[in-house]
Amino acid sequence: MELIDTHVHLDLDAFDPDRPAVLDRARAAGVQEMVLPGVTRARWPDLDALSRHYAGLHVAYGLHPIFLQDHADADLDALEDWLDAHPETVAIGEIGLDGYRLDRDWDRQWRFYTRQLAIARERELPVIIHSRRALDEVLKGLRQHQGVTGILHAFIGSPQQARQAVDLGCCLGIGGPVTYERAKKLHRVVREAPLEALVVETDAPDQPLAGHQGERNEPGRVREVNTAMATLRDIAPQDMAIITTQNARRILRLPNGTPQ
Ligand SMILES: [Zn+2]
(Lines give C-alpha, C1' and ligand atoms only; values in the text may rest on other atoms or scores of the structure.)
Protein backbone atom coordinates (compact mmCIF):
# COMPACT_ATOMS: atom_id res chain seq x y z
CA MET A 1 0.00 0.00 0.00
CA GLU A 2 1.28 3.45 -0.92
CA LEU A 3 -0.05 6.43 1.02
CA ILE A 4 0.78 10.14 1.13
CA ASP A 5 0.24 12.05 4.37
CA THR A 6 -0.72 15.43 2.90
CA HIS A 7 -0.35 17.33 6.17
CA VAL A 8 2.19 16.66 8.89
CA HIS A 9 4.15 19.13 11.02
CA LEU A 10 7.25 16.98 11.22
CA ASP A 11 9.42 20.02 11.94
CA LEU A 12 7.84 20.64 15.36
CA ASP A 13 9.78 20.02 18.57
CA ALA A 14 7.44 17.15 19.43
CA PHE A 15 9.38 15.03 16.94
CA ASP A 16 12.88 16.08 17.98
CA PRO A 17 13.50 13.05 20.23
CA ASP A 18 12.78 10.37 17.62
CA ARG A 19 12.14 11.79 14.14
CA PRO A 20 13.97 8.96 12.30
CA ALA A 21 11.92 6.33 14.16
CA VAL A 22 8.70 8.18 13.32
CA LEU A 23 9.68 8.15 9.65
CA ASP A 24 10.60 4.46 9.81
CA ARG A 25 7.20 3.62 11.27
CA ALA A 26 5.51 5.73 8.59
CA ARG A 27 7.34 3.90 5.82
CA ALA A 28 6.53 0.54 7.38
CA ALA A 29 2.86 1.62 7.21
CA GLY A 30 3.20 2.45 3.51
CA VAL A 31 3.64 6.21 3.90
CA GLN A 32 6.65 6.87 1.70
CA GLU A 33 5.83 10.52 1.10
CA MET A 34 4.47 13.35 3.16
CA VAL A 35 3.80 17.05 2.82
CA LEU A 36 5.13 19.45 5.44
CA PRO A 37 3.34 22.80 5.59
CA GLY A 38 5.10 25.90 6.86
CA VAL A 39 3.59 27.99 9.64
CA THR A 40 5.93 30.94 10.27
CA ARG A 41 8.82 32.52 8.44
CA ALA A 42 11.18 31.56 11.28
CA ARG A 43 10.45 27.87 10.68
CA TRP A 44 10.89 27.78 6.90
CA PRO A 45 14.64 27.02 7.12
CA ASP A 46 13.94 24.00 9.35
CA LEU A 47 11.51 22.61 6.78
CA ASP A 48 14.02 23.16 4.03
CA ALA A 49 16.72 21.35 6.01
CA LEU A 50 14.40 18.44 6.83
CA SER A 51 13.35 17.97 3.22
CA ARG A 52 16.98 17.80 2.16
CA HIS A 53 17.89 15.37 4.92
CA TYR A 54 15.14 12.76 4.44
CA ALA A 55 13.69 11.28 1.26
CA GLY A 56 10.04 11.67 0.40
CA LEU A 57 9.33 14.94 2.20
CA HIS A 58 7.61 17.64 0.16
CA VAL A 59 7.47 21.16 1.52
CA ALA A 60 4.95 23.98 1.44
CA TYR A 61 5.74 27.47 2.66
CA GLY A 62 3.29 29.93 4.09
CA LEU A 63 2.10 32.09 6.97
CA HIS A 64 -0.45 30.30 9.18
CA PRO A 65 -3.41 32.33 10.53
CA ILE A 66 -3.01 30.97 14.07
CA PHE A 67 0.44 32.55 14.24
CA LEU A 68 -0.75 35.93 12.99
CA GLN A 69 1.02 37.74 15.82
CA ASP A 70 4.34 36.19 14.84
CA HIS A 71 4.06 37.50 11.29
CA ALA A 72 5.38 40.86 10.16
CA ASP A 73 3.89 42.44 7.07
CA ALA A 74 7.34 42.13 5.53
CA ASP A 75 7.03 38.33 5.80
CA LEU A 76 4.72 38.38 2.78
CA ASP A 77 7.50 39.87 0.66
CA ALA A 78 9.93 37.46 2.29
CA LEU A 79 7.68 34.60 1.18
CA GLU A 80 8.03 35.71 -2.43
CA ASP A 81 11.81 35.85 -2.12
CA TRP A 82 11.86 32.46 -0.41
CA LEU A 83 9.78 30.91 -3.20
CA ASP A 84 12.15 32.37 -5.80
CA ALA A 85 15.00 30.60 -4.04
CA HIS A 86 13.10 27.32 -3.47
CA PRO A 87 11.55 26.11 -6.72
CA GLU A 88 10.98 22.66 -5.19
CA THR A 89 8.09 24.14 -3.14
CA VAL A 90 4.94 22.11 -3.80
CA ALA A 91 2.34 24.51 -2.36
CA ILE A 92 1.64 27.74 -0.52
CA GLY A 93 0.62 26.78 2.98
CA GLU A 94 -0.46 26.68 5.54
CA ILE A 95 -2.66 29.69 4.90
CA GLY A 96 -6.27 30.42 5.79
CA LEU A 97 -8.62 31.88 8.34
CA ASP A 98 -9.25 30.97 11.95
CA GLY A 99 -12.51 32.03 13.58
CA TYR A 100 -11.64 30.61 17.01
CA ARG A 101 -8.86 33.07 17.66
CA LEU A 102 -9.79 35.08 20.75
CA ASP A 103 -7.67 37.98 19.59
CA ARG A 104 -8.79 37.53 16.04
CA ASP A 105 -7.74 40.40 13.91
CA TRP A 106 -10.06 39.69 11.06
CA ASP A 107 -8.88 42.29 8.56
CA ARG A 108 -5.28 41.29 9.02
CA GLN A 109 -6.11 37.58 8.73
CA TRP A 110 -8.01 38.30 5.52
CA ARG A 111 -5.12 40.34 4.13
CA PHE A 112 -2.57 37.60 4.81
CA TYR A 113 -4.89 34.94 3.40
CA THR A 114 -5.78 36.74 0.20
CA ARG A 115 -2.28 38.02 -0.47
CA GLN A 116 -1.02 34.43 -0.25
CA LEU A 117 -3.82 33.28 -2.55
CA ALA A 118 -2.64 35.92 -5.03
CA ILE A 119 0.93 34.67 -4.73
CA ALA A 120 -0.30 31.11 -5.37
CA ARG A 121 -2.23 32.23 -8.43
CA GLU A 122 0.67 34.16 -9.85
CA ARG A 123 3.06 31.25 -9.36
CA GLU A 124 0.53 28.58 -10.34
CA LEU A 125 1.03 26.75 -7.06
CA PRO A 126 -1.70 24.93 -5.12
CA VAL A 127 -2.60 26.00 -1.58
CA ILE A 128 -2.97 24.16 1.73
CA ILE A 129 -5.72 25.83 3.69
CA HIS A 130 -6.48 25.96 7.40
CA SER A 131 -10.11 26.82 8.07
CA ARG A 132 -11.83 26.87 11.44
CA ARG A 133 -15.25 28.45 11.80
CA ALA A 134 -14.46 30.38 8.68
CA LEU A 135 -15.28 28.07 5.80
CA ASP A 136 -17.64 30.41 3.96
CA GLU A 137 -15.04 33.18 4.11
CA VAL A 138 -12.30 30.77 3.00
CA LEU A 139 -14.43 29.74 0.02
CA LYS A 140 -15.12 33.40 -0.75
CA GLY A 141 -11.39 34.04 -0.95
CA LEU A 142 -10.97 31.11 -3.33
CA ARG A 143 -13.83 32.39 -5.50
CA GLN A 144 -12.05 35.74 -5.72
CA HIS A 145 -8.91 33.97 -6.89
CA GLN A 146 -10.29 31.73 -9.61
CA GLY A 147 -7.86 29.10 -10.74
CA VAL A 148 -6.27 28.58 -7.33
CA THR A 149 -6.92 25.05 -6.09
CA GLY A 150 -5.55 22.97 -3.26
CA ILE A 151 -6.46 21.12 -0.11
CA LEU A 152 -8.93 22.23 2.54
CA HIS A 153 -7.02 20.66 5.40
CA ALA A 154 -8.87 19.05 8.33
CA PHE A 155 -12.12 19.61 6.49
CA ILE A 156 -15.07 20.31 8.76
CA GLY A 157 -18.20 21.49 7.08
CA SER A 158 -21.53 20.54 5.64
CA PRO A 159 -21.94 18.36 2.56
CA GLN A 160 -23.08 21.56 0.77
CA GLN A 161 -19.88 23.38 1.69
CA ALA A 162 -17.89 20.32 0.64
CA ARG A 163 -19.60 20.46 -2.75
CA GLN A 164 -18.73 24.15 -3.12
CA ALA A 165 -15.10 23.39 -2.32
CA VAL A 166 -15.03 20.55 -4.82
CA ASP A 167 -16.66 22.75 -7.47
CA LEU A 168 -13.80 25.20 -6.94
CA GLY A 169 -11.39 22.38 -7.74
CA CYS A 170 -10.27 21.69 -4.17
CA CYS A 171 -9.67 18.41 -2.37
CA LEU A 172 -10.86 17.72 1.17
CA GLY A 173 -8.14 16.78 3.64
CA ILE A 174 -9.50 14.06 5.93
CA GLY A 175 -7.64 13.09 9.09
CA GLY A 176 -8.01 11.58 12.56
CA PRO A 177 -11.49 12.97 13.27
CA VAL A 178 -12.99 10.55 10.71
CA THR A 179 -12.00 7.62 12.97
CA TYR A 180 -14.41 8.77 15.69
CA GLU A 181 -17.78 7.07 15.88
CA ARG A 182 -19.48 10.35 16.80
CA ALA A 183 -18.21 12.27 13.73
CA LYS A 184 -21.46 11.71 11.84
CA LYS A 185 -21.35 14.93 9.82
CA LEU A 186 -17.82 14.23 8.63
CA HIS A 187 -18.77 10.65 7.80
CA ARG A 188 -21.54 11.99 5.63
CA VAL A 189 -19.11 14.29 3.84
CA VAL A 190 -16.76 11.37 3.16
CA ARG A 191 -19.63 9.19 1.92
CA GLU A 192 -21.04 11.85 -0.40
CA ALA A 193 -17.93 13.57 -1.76
CA PRO A 194 -16.63 12.55 -5.16
CA LEU A 195 -13.84 10.01 -4.61
CA GLU A 196 -11.46 12.19 -6.63
CA ALA A 197 -11.79 14.94 -3.99
CA LEU A 198 -10.53 12.93 -1.01
CA VAL A 199 -6.99 13.07 0.35
CA VAL A 200 -5.67 11.74 3.66
CA GLU A 201 -3.63 13.53 6.31
CA THR A 202 -2.72 13.28 9.98
CA ASP A 203 -1.91 16.87 11.03
CA ALA A 204 0.56 15.16 13.37
CA PRO A 205 1.52 15.79 16.11
CA ASP A 206 -2.09 17.03 16.53
CA GLN A 207 -5.49 15.43 15.91
CA PRO A 208 -4.97 11.97 17.45
CA LEU A 209 -7.08 9.12 16.12
CA ALA A 210 -9.77 7.27 18.05
CA GLY A 211 -8.07 4.96 20.50
CA HIS A 212 -5.03 7.23 20.67
CA GLN A 213 -6.51 10.21 22.53
CA GLY A 214 -3.89 12.16 24.46
CA GLU A 215 -1.03 10.69 22.41
CA ARG A 216 1.22 12.41 19.96
CA ASN A 217 -0.11 11.70 16.49
CA GLU A 218 2.29 10.55 13.78
CA PRO A 219 2.27 10.17 10.00
CA GLY A 220 2.13 6.35 9.94
CA ARG A 221 -1.40 6.57 11.33
CA VAL A 222 -2.64 7.99 8.04
CA ARG A 223 -3.07 4.32 7.15
CA GLU A 224 -5.86 4.03 9.74
CA VAL A 225 -7.46 7.19 8.40
CA ASN A 226 -7.43 5.68 4.92
CA THR A 227 -8.99 2.45 6.25
CA ALA A 228 -11.75 4.37 8.07
CA MET A 229 -12.59 6.18 4.83
CA ALA A 230 -12.56 2.92 2.87
CA THR A 231 -15.05 1.46 5.34
CA LEU A 232 -17.33 4.49 4.91
CA ARG A 233 -17.21 4.09 1.12
CA ASP A 234 -17.49 0.31 1.31
CA ILE A 235 -14.36 -0.27 -0.76
CA ALA A 236 -11.11 -2.07 0.03
CA PRO A 237 -8.46 -0.04 1.91
CA GLN A 238 -6.03 -0.86 -0.89
CA ASP A 239 -8.36 0.72 -3.46
CA MET A 240 -8.91 3.77 -1.25
CA ALA A 241 -5.13 4.14 -0.95
CA ILE A 242 -4.75 4.16 -4.72
CA ILE A 243 -7.44 6.83 -4.98
CA THR A 244 -6.22 9.12 -2.20
CA THR A 245 -2.61 8.84 -3.35
CA GLN A 246 -3.53 9.66 -6.95
CA ASN A 247 -5.58 12.61 -5.73
CA ALA A 248 -2.69 13.94 -3.64
CA ARG A 249 -0.35 13.65 -6.62
CA ARG A 250 -2.82 15.41 -8.90
CA ILE A 251 -3.77 18.31 -6.61
CA LEU A 252 -0.19 18.97 -5.43
CA ARG A 253 1.38 18.03 -8.77
CA LEU A 254 3.77 15.57 -7.16
CA PRO A 255 5.79 13.36 -9.48
CA ASN A 256 4.84 9.70 -9.71
CA GLY A 257 6.74 6.99 -7.97
CA THR A 258 8.47 6.37 -4.72
CA PRO A 259 11.35 8.75 -4.08
CA GLN A 260 14.77 7.29 -3.44
ZN1 LIG B 1 -1.34 22.26 10.02
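Points to keep in mind about this one:
- Share of carbon and sulfur in the accessible heavy-atom surface of region 3-252 [1.4 Å probe, %]: 48 percent
- Our note on the geometry: Cα centres of region 105-121 and region 9-61, 25 Å apart.
- Computed over the chain, relative contact order equals 22 percent, with contacts defined as Cα pairs under 8 Å that lie 6+ residues apart.
- Region 7-78 - charge dipole about Cα centre, Lys and Arg +1 at Cβ, Asp and Glu -1, debye rounded to 20: 320 debye
- Distance in nm between pseudo-label sites at Asp73 and Ala49 (7 Å out along the Cβ direction from Cα): 3.2 nm
- A simple packing score, the average count of other Cβ atoms within 10 Å per residue, orders the peptides 186-196, 133-143 as 133-143, 186-196, with the highest score first.
- Estimated at 0.36 nm per residue, the fully extended path between Ala85 and Glu215 surpasses their Cα-Cα distance by 43.1 nm.
- FRET efficiency for the Asp24 to Asp107 pair, using the beta carbon distance and R₀ = 51 Å, is estimated at 0.70.
- Check: the chain dipole with +1 on Lys, Arg Cβ and -1 on Asp, Glu Cβ, in debye: 920 debye
- Accessible area per residue for region 3-252 is 41 Å², calculated with a 1.4 Å probe on protein heavy atoms, without ligands, DNA or RNA.
- Across all Cα atoms of the chain, the radius of gyration (one decimal) and Dmax (whole number) stand at 16.9, 49 Å.
- Karplus-based coupling profile of region 193-200, in residue order and whole Hz: 5, x, 4, 6, 9, 9, 10, 9, with θ = phi - 60° in 6.51 cos²θ - 1.76 cosθ + 1.60 and x standing for Gly or Pro.
- For Arg233 and Gln146, the FRET efficiency from 1/(1 + (r/R0)^6), where r spans their Cβ atoms and R0 equals 35 Å, is about 0.70.
- Taken over the alpha carbons of region 14-124 as equal point scatterers, the Debye sum produces base-10 log I(q)/I(0) values at 0.09, 0.14, 0.15 Å⁻¹ of -0.27, -0.62, -0.69.
- Charge dipole (Cα centre; +1 on Lys/Arg Cβ, -1 on Asp/Glu Cβ; no other charges) of region 15-164 amounts to roughly 620 debye.
- Loop GluC sites (Glu not before Pro), region 1-95 (other Cβ atoms within 10 Å of the site Cβ: 11 or fewer; DSSP): Glu88
- Computed [θ] at 222 nm, helices only, for the chain once each DSSP H run of length n ≥ 4 contributes -39500 (n - 2.57): -12500 deg cm²/dmol
The values are calculated or read from the model by the stated rules, or taken from the named source; none is laboratory data. Keep in mind the model is a prediction, meaning the values are calculated, not measured. When we count neighbours, we look across all protein chains shown, and the Cβ atoms used for this are built from the backbone with ideal geometry, even at glycine. These area figures cover heavy atoms from the full protein model, side chains too; ligands, DNA and RNA do not enter into them. Shrake-Rupley method; radii C 1.70, N 1.55, O 1.52, S 1.80 Å.
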